[in-house]
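Undergrad: There's a structure below that I have some questions on.
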Amino acid sequence: MSATTESTGRRPLVAILSGAGVSTDSGIPDYRGPNGVWRRDPEAQKLVTYDYYMADPEIRRRSWQMRRTNRTLAAEPNAAHLAIADLEREGVPVRVLTQNVDGLHQLAGTPARKVLELHGSARSFVCTKCAARGPMADALARVEAGEADPPCLECGGILKSATVMFGERLDPAVLGEAAAIAEACEVFLAVGTSLQVQPAAGLAGLAADHGARLIVVNAEPTPYDDRAAEVVREPIGTALPPLLTRLTAESA
Ligand code: ZN
């Protein structure tokens, strides 16, 4: 499946880049952003930094406790996730490129094949040795049962969350697909992202370079505001549903 074949239909392809701001209404703080939780707390950042994680069992133990107690897996989709799922349900060709690892777009009803998770998913674990994967809930159940640092059941390797840690490369295949979508789309909607870090900034620039109509919905100014056809500063939960309804009407 490629973005190009999807965009050959009559209705224009809408790419939605979603950042941390889309999930704050679901009670999930901004972890990775320039002012995110981890950047402000170096000790906490070690728990999600690949080299520390691989080298130190104590870091892994604390990291599993953090995963066990954080609220990401219990969070519910909010009005923004639901409005994006509605857009897809209305037949508008949509691809979601998300910086979030919470899986809330899929929980809201956007089909998983339409969602590219740029930073991976907190809902799965992965083995750092054999790449075996499974539901995070299964690994957390082992932690609850007393395993401080549950090893891979296939090979004994170190398990981690299937998210991209600091010091890890983003998946080149996912990045390549995201770039193809940015180039192919007619509308590129950046929501709840500061567009200050890669790959988000690059994708917005790529879309604008290829003639997409750029729409920015973010509380703070972004470096791409002057290239945007539309900049919306209102809260995402109230601004996004009417904006997407308008896009649906334009697309019909
Ligand atoms: Zn393994």
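The values are calculated or read from the model by the stated rules, or taken from the named source; none is laboratory data. Every value quoted in this text rests on a predicted model; they were computed, and no experiment measured them. Please note: Cβ atoms are built from the backbone with ideal geometry, for glycine as well, and neighbour counts cover all protein chains shown. Quick note on the areas: whole protein, heavy atoms, side chains included, nothing else; ligands and nucleic acids left out. Shrake-Rupley method; radii C 1.70, N 1.55, O 1.52, S 1.80 Å.
Undergrad: Using the Karplus equation 6.51 cos²θ - 1.76 cosθ + 1.60 (θ = phi - 60°), what ³J(HN,Hα) coupling, rounded to whole Hz, does each residue of region 135-146 give in order, writing x for Gly and Pro?
TA: With coefficients 6.51, -1.76 and 1.60, one gets x, 4, 4, 5, 5, 5, 5, 5, 5, 4, 7, x Hz.
Undergrad: Work from the charge dipole of region 95-216 (Cβ charges, +1 for Lys and Arg, -1 for Asp and Glu, about the Cα centre) and give the residue of ALA201, ALA148, ILE158 farthest towards its positive end.
TA: Final value for the positive-end residue is ALA201.
Undergrad: 7 Å from Cα along Cα→Cβ at both LEU73 and GLU154: what's the point-to-point distance in nm?
TA: 1.9 nm
Undergrad: Further, regarding this structure: What residues of region 90-117 lie in the reach of a label at ARG39, counting those whose backbone N is under 19 Å from a point 7 Å from the Cα along Cα→Cβ?
TA: 98-102
Undergrad: Working out 0.36 nm times the residue gap between GLU144 and ASP56, then minus their Cα-Cα distance, what length gain in nm do you get to one decimal?
TA: Numbers: separation 88, 0.36 × 88 = 31.68 nm, distance 2.05 nm.
Full-extension gain reported as 29.6 nm.
Undergrad: Further question: Sequence-distant or interchain residues sharing an amide H contact under 5 Å with LEU97, placed H: which?
TA: It is ILE16, LEU17, SER18, LEU116, by chain and number.
Undergrad: I'm a student and want to see the number: the projected area of the Cα convex hull of region 99-158, averaged over all directions, in nm². Could the numbers behind the result be given before it?
TA: Details: hull surface 18.9 nm².
Over all viewing directions, region 99-158 projects a mean Cα-hull area of 4.7 nm².
Undergrad: Would you mind telling me the share, in percent, of accessible area of the chain contributed by carbon and sulfur at probe 1.4 angstrom? Before the final figure, lay out each step's value.
TA: Values: 6020 of 11430 Å².
That fraction is 53 percent.
Undergrad: For the chain, set up a Gaussian network in which alpha carbons nearer than 10 Å are linked by springs, and say which option among ALA200, ALA229, ALA55 fluctuates the most.
TA: In the Gaussian network model the winner is ALA55.
Undergrad: Pick from THR69, THR222, THR110: which residue has the top mean-square fluctuation in a GNM of the chain where Cα pairs under 10 Å get a spring?
TA: Highest fluctuation among the options: THR69.
Undergrad: Moving on to the next point. Pull up all non-local amide H partners of ALA162: gap of 5 or more, or a different chain, and H-to-H distance under 5 Å with H placed in the peptide plane.
TA: Residues meeting the amide H criterion: SER121, SER124, PHE125, VAL126.
Undergrad: Now for a different question. Nothing charged except the Cβ atoms of Lys and Arg (+1) and of Asp and Glu (-1): what's the magnitude of the dipole of the chain about its Cα centre? Round to the nearest 20 debye.
TA: It comes to approximately 360 debye.
Undergrad: Just how large is the dipole of region 1-145 about the Cα centre, in debye to the nearest 20, putting +1 at every Lys and Arg Cβ and -1 at every Asp and Glu Cβ? Spell out each step's value before the answer.
TA: Numbers: 20 positive and 16 negative charges, 63 e Å.
So the dipole magnitude of region 1-145 works out to roughly 300 debye.
Undergrad: Same structure again: What is the ratio of the Cα radius of gyration of region 60-145 to 2.2 N^0.38 Å, where N is its residue count, to two decimals? Walk me through the numbers before you get to the answer.
TA: On the way: Rg = 14.7 Å, N = 86, 2.2 N^0.38 = 12.0 Å.
Compared with the compact-globule rule of thumb, region 60-145 sits at 1.23.
Undergrad: Take the alpha carbon gyration tensor of region 185-234, find the square roots of its eigenvalues, order them as a ≥ b ≥ c, and report rounded if a/c is under 1.5; if not, report prolate when a/b exceeds b/c, else oblate.
TA: Numbers: a/c = 1.88, a/b = 1.23, b/c = 1.53.
Here region 185-234 falls in the oblate category.
Undergrad: Sticking with this one: Quickly estimate the mean residue ellipticity at 222 nm for the chain, helices only: each DSSP H run with n ≥ 4 gives -39500 (n - 2.57), and the total goes over all residues, rounded to 500.
TA: Working: 11 runs with 96 residues, N = 252.
The helix contribution divided over the chain gives -10500 deg cm²/dmol.
Undergrad: Counting Lys and Arg as +1 and Asp and Glu as -1, what is the net charge of the other residues whose Cβ lies under 13 Å from the Cβ of GLU58?
TA: Working: positive: LYS46, ARG60, ARG61, ARG62; negative: GLU43, ASP56, ASP149.
For residues surrounding GLU58, the net value is +1.
Undergrad: To continue, here is another question. Are there trypsin sites (Lys or Arg not before Pro) in region 43-106 that DSSP puts in a loop and that have at most 11 other Cβ atoms within 10 Å, and which ones?
TA: Working: sites: LYS46, ARG60, ARG61, ARG62, ARG67, ARG68, ARG71, ARG89, ARG95; in loops: ARG71.
Counting only loop positions with at most 11 other Cβ atoms within 10 Å, the trypsin sites (Lys or Arg not before Pro) in region 43-106 are ARG71.
Undergrad: In the chain, which Cys residues have no partner Cys with a Cβ closer than 4.7 Å?
TA: Cysteines of the chain left without a disulfide-compatible partner: CYS185.
Undergrad: Taking a temperature of 10 °C and a viscosity of 1.306 mPa s, what whole-number D in µm²/s does Stokes-Einstein yield for the chain with Rh from Kirkwood over alpha carbon pairs? Mind dumping the intermediate values first?
TA: Working: Rh = 18.8 Å.
It diffuses with D of about 84 µm²/s by this estimate.
Undergrad: Before I look further, what does region 153-252 give for accessible area per residue, probe 1.4 Å, in whole square angstrom? Intermediate results must be reported in sequence, preceding the final value.
TA: Values: 4450 Å² over 100 residues.
Each residue of region 153-252 exposes 45 Å² on average to a 1.4 Å probe.
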